[in-house]
Each structure stands twice: as C-alpha cells, then as structure tokens.
1. Under a cut-off of 16 Å between alpha-carbon atoms, report the aspartates and glutamates in cross-link reach of Lys350, not counting same-chain residues fewer than 8 places apart.
2. Top to bottom by accessible area (1.4 Å), largest first, where do Glu224, Glu71 land?
3. Given a 1.4 Å probe and every protein chain left where it sits, what share in percent of the accessible area of the stretch 196-246 is carbon and sulfur?
4. How many angstrom lie between the Cα centre of the stretch 259-337 and the Cα centre of the stretch 55-94?
5. Any idea of Lys157's accessible area? Nearest 10 Å², probe 1.4 Å.
6. Can you give me the accessible area per residue for the chain, using a 1.4 Å probe, in Å²?
7. Given labels modelled 7 Å from the Cα in the Cβ direction, how far is it in nm from Asp403 to Glu179?
8. Name the long-range amide H neighbours of Leu213: under 5 Å, sequence gap of 5 or more, or other chain; modelled H, no Pro or chain starts.
Amino acid sequence: MNILILGSGGREHTFAWKLAQSPKLNSIFVAPGNAGTESLAKNIPIGVNDFEGIKNIVLSNKIDMVVVGPEDPLVNGVHDFFLNDPELESVPVVGPQKAAANLEGSKEFAKQFMQRHNIPTAAYRSFTAQQLEKGLAFLETLSPPYVLKADGLAAGKGVVILHDLEEAKQELTSMLKNEKFGAASKTVVIEEFLSGLELSVFVLTDGEHYKVLPTAKDYKRIGEGDAGLNTGGMGAISPVPFAEKDFMDKVHIRIIKPTVEGLKMDNLPYKGFVFIGLIKVGNDPFVIEYNVRMGDPETEVVLPRIKNDLVEVFQAVADQTLDTVDLQIDKRSATTVMTVSGGYPEAYEKGHEIFGLEDVSDSLIFHAGTKLENGKVITNGGRVMAFTSFGTTFRDALAKSYDSIKKVCFTKMNYRKDIGFDL
Ligand code: AMP
Ligand code: GLY
C-alpha cells in the first residue's frame, strides 16, 4: 500500500511512524510533513486544503489510502471531494465527510446532535448578532463563570470563560458584533459551566462498527499548575488513571454508543476518528466537545500503545469490517512532553538548530514544528517536538521523557516540568 498522510504535526509523525511498521506498507507520503516525517516518508510541500494538489499527488504516486490528520480539510470536505471525483472515488479516506465533520466545525451543530441523542452535555443556548440583546439578557440569568464559545473553527481559541458578568457581556458583544473570531463567531454558544477533571476518549469507527482506543489526558495551558494561555497541548498521559472501569462503562453506554448510533440515525457517514472531550463531574461524564480527528499530542501516547498493524486497522475502516479487528493495547503507561519555542503561544522565533537528538535512546521523539535545512534539524513552529516514553506507571514514563529532554537543546527551548501534577 502507498499511503498519504495530510498534516505536519506530532500527530502526523506518529501516524507515519506507526504505519511504517506494517509489512503491508510500500511507501508513505506526508503533505506537508516535517523533519521527523522526512526520515520515514516522502514529504510533499503542499497545503492540506489544496485539494487539486492532493489529487495530483494521489494519482501520480498511486496512493491507495489517505489519512487526514487535522480538522480543516475534513470540515472543508476533502473526503467528499474524493467521493465526487471519478478518478479518486475508489481511494479510501480516513476521516469523516463534511456533514459529520460539522461536529467539530460547528459547536451549535454538535450541541443539537447531543440533545437529539440524549448525550449528556452542558445546558446551552446559542445566539446570532441579531439576537445580541437576548444573549445579554440570557447572561444575566446565569451565575458565573460564563462559558462563551464561537460556533465555528477558531484554531482552539474560540472558547472564553469569564467570571465577571460585565466582561462576559463585552465578550459576547465583541464576538457577535465585531466578529472577534471572524466568521467563526457569527453565532455564539453560551453554556453552563461544568467543574471537574477533563479527559479524552478516542473512538475509531467505520460507520457501522467501532473500537474504543486508549484514553488520554492532555495539558493545554502553557504554564505549570495549568496556568496561563491555552496552547495546542504541552503533554499527555495514557491511560488516564481516574478513568476507572465503572466510569468508562458510563462513557460507553451514555456517550460512545449513542454517538456512533446517532451518526447512523442522522445519516452522517463517518469513517475515521471521533475525539470526545469529556469532563468528569462527580462520577458522571459530560461531553465538552467533539473533534473529528485524533488529538495532538494525545496521538503521541495513544498510537504507541496500540499493538495492531495500523494499515490493517485502517483497511478495516475502509472496508467496514472493523468488527473483525481485535484491538491489542499495551498495558504500560505512555507519556509525552512537548518542547516548545520560547514565547509560544504568543510570538516566538523559528530557525534555531536542534542539538542532541542522536543521544536520546529511552524515548520516541515525534517532531511537530521542525524542518530539515542543509541536513540540520531546525525549529519551525511553536510546538517543536514531543518526547514519548513508556513505564509501568505514568510517573516512570514521565521520568524517562524528562531525562530524554535534558539531552536535547535549542535556543529558548521551553517545556512544562509538571505534566501529571494533578493525578
Ligand atoms: P473546547 O475548545 O470546547 O475544548 O474548550 C476549551 C476548554 O474550555 C475545555 O478544554 C475546557 O477546559 C473548557 N470548557 C469548555 N466548555 C466548558 C464548560 N461547559 N464548563 C467548563 N469548562 C469548559
Ligand atoms: N490536544 C487537543 C487537540 O488536539 O485538540
């Protein structure tokens, strides 16, 4: 098989690393990829939303399957583009079609889906610019904190949580009237604040059957103790220690099953990953959000724990025979710690050489924002590379990730030293 992966982060490097272990694999291509994927695959410098460019790559390299990493091309309909093109329709795409990708593309759509299928989530109402006055009045009926969410994709920045009513009103006004998040905040969802520990559950479905993948918890804030600005993710742990069996049974019965059955009932074809962001309130799970892809850096701990041949698993998704796959999970814990460029998630520098990679032997290194220049690996993004390790406990695994990071350096390298602090 020749496989094309779309994306350029740690998630895509992990996919490439895992797929490359399959005897069924012939070649891997990654568009656009990074320095890490370049060691396993052929990088192709085109964007993930350049559908015509993707078509050319698929035809000229005889690609047999496309695996979509990020949400944008899915929400923009890359899967539908393949199905509607006679030259591409027989090439399977891992990732849902546009209609179902709306679960991530529109918070309001996701909330309506959950309501329709009785899936537990925070109570909500949504408002457009014309309904601003009603939205402001609604805020007055709530008690703080106030949770405001831009309806559309806002690169992970569209959720604002405020404690002060006046600030919440100002925020709602700037989202709706001034389109603070562009078209994404033409509609705003206001929802009940839920308090508890967060975790992520990943489901792979072929539209008929599904497999529940290992749980993971990511650390989104830049600062230690979960302080400071949100990032794409600073580290992750799998499995999540507080996701015990009775809790996961509830997740299964109340959330996973009705989600997959709801997709079928609503006629939303889905072949791909469903990432369910959950919050544990008391001992009950509530859905915070759906994503229609794997998480990053959660992929860097979830995929290494899956023992199966990933090419076979994806082939089963394409053939709708996922029920025949017996998923084998490594019992050990996996952790990942993300190194980032100083300044991230605000302004940061790129182009610094990364030293010491060859000295790391106890961890897997998954590149995110890196590129190769004259044979040197240099920084090329905010999140630079993730250090994944295994251990009998997550603490053992973390100790290895931190030891490995100490062997590597680049100018202004930063990372969180307290991943797992809350467990
Ligand atoms: P999202 O982009 O939907 O994942 O939201 C970003 C973050 O905001 C989540 O990871 C939660 O920490 C927080 N959040 C979102 N919705 C709620 C809610 N209803 N109650 C409490 N926290 C929330
Ligand atoms: N780590 C969170 C995400 O991928 O959205």
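The values are calculated or read from the model by the stated rules, or taken from the named source; none is laboratory data. Small disclaimer: the values here were computed from a predicted structure and weren't measured. Cβ atoms come from the backbone with ideal geometry, glycine included; neighbour counts cover every protein chain shown. Just the protein is used for accessible areas: all its heavy atoms, side chains included, with ligands, DNA and RNA removed. Shrake-Rupley method; radii C 1.70, N 1.55, O 1.52, S 1.80 Å.
1. Qualifying aspartates and glutamates at Cα under 16 Å: Glu373.
2. Order by accessible area, largest first: Glu224, Glu71.
3. Carbon and sulfur: 51 percent of the exposed surface of the stretch 196-246.
4. 21 Å
5. Using a 1.4 Å probe on the heavy atoms, I get roughly 130 Å².
6. 41 Å²
7. The answer from the label model is 5.4 nm.
8. Under 5 Å from the amide H of Leu213 lie the amide H atoms of Phe202, Val203, Leu204, each far enough along the sequence or on another chain.
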